[in-house]
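The values are calculated or read from the model by the stated rules, or taken from the named source; none is laboratory data. None of these values were measured; they are calculated from a predicted model. Cβ placement follows ideal geometry from the backbone for every residue including glycine, while neighbour counts extend to all protein chains displayed. Quick note on the areas: whole protein, heavy atoms, side chains included, nothing else; ligands and nucleic acids left out. Shrake-Rupley method; radii C 1.70, N 1.55, O 1.52, S 1.80 Å.
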Amino acid sequence: MSEQTDAELLAAHCAGDPDAFTEIVRRHRDRLWAVALRTTGNREEASDALQDALISAYRRADSFRGDSAVTTWLHRIVVNASLDRLRRRSVRTWVPLPDEAAGESPATLIDDSRLADPRAAVESSETVREVRDALDTLPPDQRAAIVLVDLEGWSVEEAARALDCPIGTVKSRCFRGRAKLAERLAHLRNPDAPGAVVLPDNGGVTVDGEGGAP
Amino acid sequence: MSESDIGGDLPPLDPELQAWLSADTPGPMPEDVWTDLQARLAAEPALVPPGLVDLATERTRRRSGKALPLLAGAAGLVLVGAVVLPSMQTSAPAPVAEGASSAQPDLATTPSPQVSDGGNVASAPGSVGPAPAPRTMIATGTDYTAEALPAQVTELLSTAGMSDRAAVNAVLTASPPVTSMPGDGLASSVEALTDCLGRLGLPPESMPLMVDRATVDGRQGSIIVTVGAMDSAGQPTSLHAVAVGQDCTDEDVAAAQHLDLALP
């Protein structure tokens, strides 16, 4: 079975092979999990979203037309299931951006001694938590675009297909999401590091209809 | 916030922002998540290809009384095994149906098959013929019709103990093909059956499981049941049944009724 391609396994699944679909999932489970976890930001929701998505894909396998790779199709379903959960959750909770929040600066959460070395900062669990919190503040669509393009390394075109939106929209979502993340994480910045984060100033990007990043 | 498309290339991600984002690596899927997911997938019924009759569903429907009563009554059922080895011809009682597993829930609701004693008997282990020979020959006397074909074939398979994957696999692995065929026309020889299967457009590697000599829309004919598809482990997942006139003429082939059945 392991010699079969994903497309062959999916065809076998459609023909009634009860094990073929699980084999496809087994091959790609870690990447599917990463996308679900990063998109939802929550282990339980990621698990639920993944199950919803893959059961749906199992049942709708005969709708796969082969115009993309099987993995792209699966990721698309996982991303959309994760987004559904994220949107539902975002109705319930919304963490304001730093500039919208009153009160102390989140910089107080950081051990400044570790910021002298960016790598130390990166390795810090505090940084991980900060990054997760920052991602959590993004609107679901921006978050999904950031996850696919900036974290999973998809091309903008692939992400647009998965998210079922125009390429320009993905770029816009990434651009705005990055700007918010940079702002939200600015206190982690090491001013001496080469290539330190600079808040986006539309460098090379034309935004139609809006005046740059919010 | 309203959304707009942007032109130009998306600038590369800032290295420091990339480093921050990369710091949070999800790692592999946790084992408990994978276990739950496998269990959910395993609980899902296998996909039934379009046009395929789901045997489990069909049996449920039939038991609910919506299907025609078929093959019932004492008039009916004569199971004719294939041919015994010469050494078994006179002494050994013919098996009820070669390949029939012990798990045959529907057999209890149908008259016990009787083995004919007119020379149309039984199969034997050890005498393995070429693949096109069926595992079982049956003469039920059923009049198969297009409308009732799914229910009739479902009943036939149930009667023969071939109603699920395990049972069919048991037939394939435990019962040898018959070594000669007692009927007329397509059921007169392995060669005639092989020829008919080819004329019906079934692939050369089709594996016949059973031939039921009966009538089709009132004319003498047969139901030929073959293995439709197998999974990657070589287990049958579906069967294919054809109702065809006994002589398998061009007219018979044109009028043949085909049916795919998904095995539960």
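Numbers for the structure displayed
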{"item": "Calculated FRET value between B:Ala254 and A:Asp164, using beta carbons and R₀ = 51 Å, to 0.05", "result": "0.65"}
{"item": "Cβ-based net charge around B:Thr145, under 12 Å, with every Lys or Arg adding one and every Asp or Glu removing one", "result": "-2"}
{"item": "Tensor-based shape of segment A:6-88 (alpha-carbon gyration tensor, a/c under 1.5 rounded, otherwise prolate or oblate)", "result": "prolate"}
{"item": "Shielding of B:37-44 by partner chains, average beta-carbon count, 10 Å", "result": "5"}
{"item": "Order by protection proxy (mean Cβ within 10 Å, highest first), peptides B:231-241, B:181-191", "result": "B:231-241, B:181-191"}
{"item": "Within 10 Å of each Cβ in A:167-177, the average number of Cβ atoms from other chains", "result": "4"}
{"item": "Interface area, A with B, accessible, probe 1.4 Å, both sides summed, Å² nearest 100", "result": "5200"}
{"item": "Shielding by partners, peptide A:131-140 (average Cβ within 10 angstrom, other chains)", "result": "2"}
{"item": "Cα-projected label distance for B:Thr173 with A:Arg43, points at 7 Å along beta-carbon direction, nm", "result": "4.0"}
{"item": "Estimated FRET transfer efficiency (B:Asp36, B:Asp184; beta-carbon r; R0 45 Å; 0.05)", "result": "0.20"}
{"item": "Förster-model FRET efficiency, 45 Å R0, A:Arg59 and B:Asp195, C-beta, rounded to 0.05", "result": "0.65"}
